[in-house]
Amino acid sequence: MADARVVKIAKLRAKAQSTAYPAEAETFRKKALTLMEKHGIGEEAVQRALAEIFGGRPEPHASSAPGPTAERPAERSSMVEAVVWVFEEQDNRPMRAKEIWTLIQQCGLYTRSRGRTPWAIIASKLSTDPQFERVAPGLYCLQR
């Protein structure tokens, strides 16, 4: 097994690639780079540790988040349409309002929101619209 410091750096890198929040990903990347420089750990050692941790599987990445593609979806006319599209793209996995808003922003599905907390609007729609189902506190999916 790799050195504990190398494993910690590898896990930070995996977290950075698996989160749907860009600011959080950048924080994890910076922390990993800082530790690599501090302890003199090279990229090769981190890649070997990632291979050990994930058993030869590719390291996780944010591929589950719909991102810019050649087939970029058209902007939706309402916030609810954008939320439904995100759930459909994510195979209807339960999500929180803030995560849904992040995915909507990444895809440019709804750009008319002018409020400071558009995820609060999404949370309100999720809790009142019958096409959405609450599966746990703060977690919603499309009605099954």
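The table below lists the values:
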| read-out | value |
| --- | --- |
| Gained length - LEU33 relative to ASN92, 0.36 nm times residue gap less alpha-carbon distance | 17.8 nm |
| Sequence of ARG5, ARG13, ARG114, ARG134 once ranked by neighbouring C-beta atoms within 10 Å, starting from the fewest | ARG114, ARG134, ARG5, ARG13 |
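FYI, it's all coordinate maths here, none of it is from the lab. Fair warning: this is a prediction, and the values are worked out from it, not measured in the lab. All Cβ positions, glycine included, derive from the backbone under ideal geometry; neighbour counts span all protein chains shown.
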